[in-house]
Structures are given as C-alpha cells and as structure tokens.
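Encoded as structure tokens, the structure appears first; notes follow it.
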C-alpha cells in the first residue's frame, strides 16, 4: 500500500506528459531507453531508476496494466486481492487502461518514457510486436528459472502454448486470458422458425437465414464488433484449415512474409457475408460499435463472438440461448480443424528495480496455479490455459453443468494444430486488422466486391509486414 | 509612444525595467512552455523522421528519407485529399452560415442577447463531449436522428459508409466552428459605424448592396481572422471529434492528416513514419498560412 510518493509522482508526471505532448513522450530519448533496457535484459540486475522504491519500508508495489473491465475486471481484481492477502512482501495494483490496443500503445509510450508498468497485458495480435523487440521485456521462462519456480511450456494446454511459444518452444510471456470464437444462438427465434439445431456449415446458415427471414426474423447473424477480422478471417482460416499468411502464418520468418487473404476461401466467405448484409440478414456496424446488443436485444438470431463474452451475454439476454461450434465451409474435408486462442498474455517489462522481479514471478505463478485458473475460467467465458487448471475444473464437474463453456475447449482441442493452424504471428497485426476492417466495411456496404477489397487489403497488409520486417529485422 | 520606447531601448538602460535581465526573467515561463511543448517535441519529430526503430524505440538507426517515401506512398495521400476537402467544406460553410446568422441576429430587437447566447452555446461544448452527443444521436439503427433518417428513406450507417461518415464529421465541425465564427462576426458588426450605413441608405442603396459594398468590406479583418482560425481548426482541432465518432474510418474516409499521424505514431507505434508525417504537416500548414496572410491581407483594409 505504501507506494513511495516519489515513485508515484514520477509515473504520474510522465503519464501526463505522454498524453499531453503529442510527440513529446512517444519520441522520448530512444538511445538511453535502449541502454537502460539492455542492462536488465535476461537478468534482474539493479537499475537506479527508482531507488526511492527500494528504500521504502512497506510492501513492494507491482503495477499491472490490463484491458479488463466490467465482469472481467471484477474477476481479475478478485485474483489480485487474493494474491495480496496471501503474502505481505508485494502489493499488486491492477489498472484498467482501456482496449487491448490502448494497453499496447500505452505500454509502448510508457516504456519510451521510462515509466512502464511491471507487468502488462498484450493481446494476441500484439504478440509479435513485443516479442521481436527483445530488450523491452524479461522472458517469463527465464524469470521463473531465476526464481526457482517450476515452469514449463508443457504445463499449458496445447492451443495456448502453441500460439504464444517462441521458435525454441519457450514462453516469453504467461498465456493468460484465452478464449476462442463460438456461435451463440437465440433458442426462441430458431424454435419459432422451426430450426431444430444450429447450423454446422455456412451453406446451412444461409438456408437458415432465409427461413428465419420468412418467419419475420430479418437479421440472422452478427459478428464481433471490434474483432470481426478475428472471427471471420483469422479464426475462419484456422478452423477451416486455410493458410492466412506465408511462412506458416509468420511463425517461421519475419522477413518476406506475405498475407494470403486475397484467395478464394476468404473472397467467397466475405462475399457471402456481403450478400447477407445487402438483405439485412447480417449486420456489422464498424469496429467501434459493439454488436453485443444486437444479439441480446433479439435483433439478430445468431452471433459469432468470443467465448469470453459468455458472461456478458448471460447478463444481457432475456431469452434462452445456446452455444455451438462455428460453422465450417461445406465440402471442405479438412474442416473443422481447430480454432486458436485469442485474448492476451502477460509480459514482464524490463527496466524496473531488481527487487520487483521476484514479486512478478510470484504473482505470475499464482495466476498460473490450478485454483486461479479454475476460478478465472468458471467466472468468465475464458478457458483454463494450464492442464492442471483444466483437470481441476473437470474434477469439479464444471463442464457437465456448464455445457456452454465446453464448446470453446472442444474447438481448441478438435484436432492437433497443423503448422498453418497453430496461430498467426505477424508483426503489426493490429494494423493489418485495421486494413481488413476497412475492406470488410467496403464489402458490407456494397462499395467494393470482396475480390477487389481483399486485393487492396492484401497489398496494404503486405506493405505493413514489410515495414515491420525492416524495422525489426536489423 | 513607440518612438519613445525605441529611444529608451537605444539608451540601453530602459525606462521601465532597471535591469537588462529582468525582462527576460518575466519572459522565462512563456519561453519555457514554448521550448518544452513546441520546440523540443518538434525537434524530436524532425530527428525521428529520418530514423527507423521498432515500436519500443530500440534499434534506432538512420534511414534517410525512407519514412518520407513510406508516408507519401501509403494512406497519406488519401489523408491529404480528405483533409483538403474537409478544410474547404467546413471553412466555407461555417463562414457563410455564421455571417448570415450574425447579420440576422444583429437586426433583431429585444431578444438579441438571448439569440447570441444560444448561437454561441455549441462552441462551449468540448469536442469529445460534442462527439459523444452526436454519436448518441446518429448511432446507426439506434440513435434518434439515425431513425429519423431511416424513416425518411436514407440508409443511414456512417459506420460502413465513408461518405456519410465524412458528412457527419463535417457537420459536427461546422456546428462548433459556426458558433466560434459567430462571436467574431457579431463583434465585428457592432464595430461598423452606423453613419456610413445610413449615408448609403440615404443614397438609395438596398439592403443587399449595403451589405456587400459596405458591411462585408468593413468586416475584412474579422473575416481574415475567422478564415485562419477555421483552417487551423480543420487541420488540427478536428481530432477529438474524429476520434470519438469514427476513428478515421470507414476505409480512411475521415482520416485527416492529424488523425493519420496519431494512428501511425501512437496506435501503430511507428514513430519514424509519424515524425515524417509531422514534418510534412508542418510544411503544409506553414505554406497555407503564409499564402493566406499574403493574398488576403492585400485585399483587406484595416482602418
């Protein structure tokens, strides 16, 4: 609790400068950042950054930045409180920093201003951006080894480990909140239209959409607002077994990687959504508009959304709803393959006082424990990321009583991931997603055909990947 | 007065301040603000514009004009186009609308001050708040204004239609900027000598002729000021509204130069590219203002 005042003020002040001065904070003094970060890479040697903190008498403060608010914030704060109550050497303070992208950009700005948090949450798409910037973080597997805490990649469930591990099968960050998209469906509306089970293929979904429309349910489908490119491009690719980018979706190279979204599967999927949109059967209102209300207020009968939103939907929907696996492309023999985790992992930032690192290790070990994982998964729609957590949940008969939570786990474990379905590891992927969102908006508004929009997105995306390769390559 | 002051300066000691250093001490806070919030960041932007590094600022190295080439080959040209159209539309409409309203209000009798307050009101709303209110009104399918448009047969969805998003952002900016311009035109109209206008009336000039031949030319200095402020508002001040309502989308249709700069530098962490875009924006704004002052000043009479 007794965070030293000098420490608080320094962070507040730099934070203020970061938000006021447009380029002031972002430009920072890169040369000295590199130096101070480099000195702590892979070790926990002391820096003089905050001697004040070390000399304070109370518990050592650890800051964690996350994108958890609402139900998720409550669940995460519960874990933080439990950790703080369990010991007195460290005190963790979790701060909600906005959306995933905001946490990433705030972390970057703070790091450049020498005011990075101790631990930060970086979302799936930001993984390559930080992972390839070695020197900015202390790899978690090394941190655990230095603090004699047992930690192995094999402790984690396959999907979570394969998404985040390095080329040498190590985990630089702690996989934490992991979810995968599922299909939510309004049981009342489907029953009214005489549809007995949710569609398992996209062809079937289109047929069902026509039936629903003839029963007065105009909109049959909506997708995640902010992450439609995650549900309908990235996860669509792995679930049906299509490559998303060259070099095994970027896992085996940084230079020369190109997207493969200007291809038949993506073109036909998005033009199908475009056709449905023109009839009002599919609605998506841009990345900044949440689509949750469209499902919970009954506007759309089905919803492709992250399993993490299960609790939010439960709280909002006034009708019985079910959860089923995402539809597959009809006639695709490889489908369904597997979905991959979305969500985020926790990174330990370099440049902090050396006495904070053992605390970071302890806190992460606490989050990884079976009981924390079981609590987290059962109070949110996330899946447990460790095998021990999954076993504990099963032994508590959780999935038997919560079939809706089971679907995400089944999708992730459906088949052993192939090299092209283990995940997507592309630098500046958040930027690529912006480009894809523009293409999707153009397709759904009828401004461009899917083929034309994806061709543009492909060339813009490839330019972004080339920019990343040039900035990180050498 | 001015001559005396100049003489004092030449004498060295100065009549007002007994010491040479003191005036500079008084200027120090202002100079410090300029240095910290303008000179230093601008200098950094220039330095970063010719360097390339990863998002966290590590591995920084000299990259020549690569960032400028990247800026001019990417979405920046579209942003330039959007900004040009946005600046012209918002400036012209705000100017015409505010002048018209100011003239009308000036002619009303009893409720003049009430009208004035009402028309100035919208400028008192901060950009982010205005954005939130308009977003609430025009939210596709949900907002009251959006439903009204829907009832009129307009397929309103600015989240997908670039044209609609551009119209919405322009309308909001005009809504705010008109109020601002109105303040200055109102003040300007009150400064116009009544005897000149009356003389013209006696000579048989009609209302329209009186306005264009007497009132408008006498408002010249005010108009120059208002145009400059409107252009600056369009170039730099539109950020909050865009960030709240459309985040530059859909498809870059509301990405102005400033918004592109924010997106590339802050969201995407490409500081080198953002630095190059900053330098380009500096140059563009500088040229624009220099041209405005030279061309327009020649036609304006300060009395």
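The table below lists the values:
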read-out: Filtered residue count, segment B:37-52, keeping only those that are facing chain A (nearest Cβ under 8 Å) and free of Cβ contacts under 8 Å to residues at least 40 places away in the same chain; value: 3
read-out: Among the residues listed as A:190, A:174, the single one being outside the structural domain of residue A:296 (by TED's automatic domain parsing) and in contact with a strand residue (DSSP E or B) (Cβ under 7 Å, 6 or more places away or on another chain); value: A:174
read-out: Test for residue A:121: is it over 18 Å from residue A:254 (Cβ atoms) and either within 14 Å of chain B (Cβ to nearest Cβ) or part of a loop (DSSP other than H, G, I, E, B) (or both); value: no
read-out: Failed criterion for residue A:167 (all others in (1) without any contact (Cβ under 8 Å) to a residue 40 or more places away in the chain; (2) part of a loop (DSSP other than H, G, I, E, B); (3) under 24 Å from residue A:342 (Cβ atoms) hold); value: (1)
read-out: Residue list for segment A:405-450, filter: surrounded by fewer than 20 Cβ atoms within 10 Å (Cβ to Cβ) and not in a loop (DSSP other than H, G, I, E, B); value: A:406, A:410
read-out: One residue from A:159, A:73, A:98 being under 18 Å from residue A:373 (Cα atoms) and surrounded by fewer than 19 Cβ atoms within 10 Å (Cβ to Cβ); value: A:73
read-out: Residue match in segment A:183-197 (condition: closer than 24 Å to residue A:257 by Cβ and part of a loop (DSSP other than H, G, I, E, B)); value: no
read-out: Unmet requirement for residue A:304, which otherwise passes all of (1) buried (at least 20 other Cβ atoms within 10 Å of the Cβ); (2) without any contact (Cβ under 8 Å) to a residue 24 or more places away in the chain; value: (2)
read-out: Entirely in segment B:1-64, the helices (runs of 4 or more DSSP H) that have 1 or more residues that are surrounded by 10 or more Cβ atoms within 10 Å (Cβ to Cβ) and modelled with pLDDT under 80; value: B:2-11
read-out: Residue A:298 surrounded by fewer than 22 Cβ atoms within 10 Å (Cβ to Cβ), within 14 Å of chain B (Cβ to nearest Cβ) and out of contact with any helix residue (DSSP H, G or I) (no Cβ under 6 Å at 6 or more places or on another chain); value: yes
read-out: Residue in segment A:135-151 that is away from chain B (no Cβ under 13 Å), part of a loop (DSSP other than H, G, I, E, B) and within 20 Å of the chain's Cα centre (by Cα) present; value: yes
read-out: Condition broken by residue A:36, with the remaining ones in (1) in a helix (DSSP H, G or I); (2) more than 10 Å from chain B (Cβ to nearest Cβ); (3) at pLDDT below 90; (4) in contact with a helix residue (DSSP H, G or I) (Cβ under 7 Å, 6 or more places away or on another chain) satisfied; value: (4)
read-out: Qualifying positions in segment B:138-154 - away from every other protein chain (no Cβ under 14 Å) and touching a helix residue (DSSP H, G or I) at 6+ places or on another chain (Cβ under 7 Å); value: B:144, B:145
read-out: Spans of helices (runs of 4 or more DSSP H) in segment B:67-170 with at least 3 residues under 25 Å from the mean Cα position of the chain (by Cα); value: B:76-107, B:112-121, B:127-138
read-out: Candidates B:84, B:70, B:130, B:102, filtered to the one that is within 14 Å of chain A (Cβ to nearest Cβ) and surrounded by 14 or more Cβ atoms within 10 Å (Cβ to Cβ); value: B:70
read-out: Residue in segment A:383-404 that is part of a loop (DSSP other than H, G, I, E, B), crowded, with 21+ Cβ neighbours inside 10 Å and not assigned by TED's automatic domain parsing to the domain that holds residue A:257 present; value: yes
read-out: Selected residue [in contact with a helix residue (DSSP H, G or I) (Cβ under 7 Å, 6 or more places away or on another chain), surrounded by fewer than 18 Cβ atoms within 10 Å (Cβ to Cβ), without any contact (Cβ under 8 Å) to a residue 40 or more places away in the chain and farther than 27 Å from residue B:248 by Cβ] from A:253, A:330; value: A:253
read-out: Matching entry among A:361, A:352 (being assigned to a helix (DSSP H, G or I) and over 26 Å from residue A:70 (Cα atoms)); value: A:361
read-out: Checking residue A:373 against (1) under 20 Å from the mean Cα position of the chain (by Cα); (2) surrounded by 23 or more Cβ atoms within 10 Å (Cβ to Cβ); (3) within 22 Å of residue A:326 (Cβ to Cβ), the condition it does not meet; value: (3)
read-out: Among the candidates B:79, B:55, residue that is within 11 Å of another protein chain (Cβ to nearest Cβ), within 20 Å of residue B:261 (Cα to Cα) and in contact (Cβ under 8 Å) with a residue 12 or more places away in the chain; value: B:55
read-out: Condition broken by residue A:274, with the remaining ones in (1) away from chain B (no Cβ under 14 Å); (2) buried (at least 19 other Cβ atoms within 10 Å of the Cβ) satisfied; value: (1)
read-out: Filtered residue count, segment B:155-201, keeping only those that are within 14 Å of chain A (Cβ to nearest Cβ), in contact (Cβ under 8 Å) with a residue 40 or more places away in the chain and farther than 15 Å from residue B:134 by Cβ; value: 4
read-out: Enumerated helices (runs of 4 or more DSSP H) restricted to segment B:209-303, each holding at least 3 residues that are within 14 Å of chain A (Cβ to nearest Cβ) and modelled with pLDDT of 85 or more; value: B:239-245, B:257-262, B:271-299
read-out: Enumeration of residues in segment B:212-237 that are crowded, with 17+ Cβ neighbours inside 10 Å and farther than 27 Å from residue B:85 by Cα; value: B:214, B:215, B:218
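The values are calculated or read from the model by the stated rules, or taken from the named source; none is laboratory data. The shown structure was predicted, so the numbers you read here are calculated from the model rather than taken from an experiment. Neighbour counts run over all protein chains shown; Cβ positions are idealised from the backbone, glycine included.
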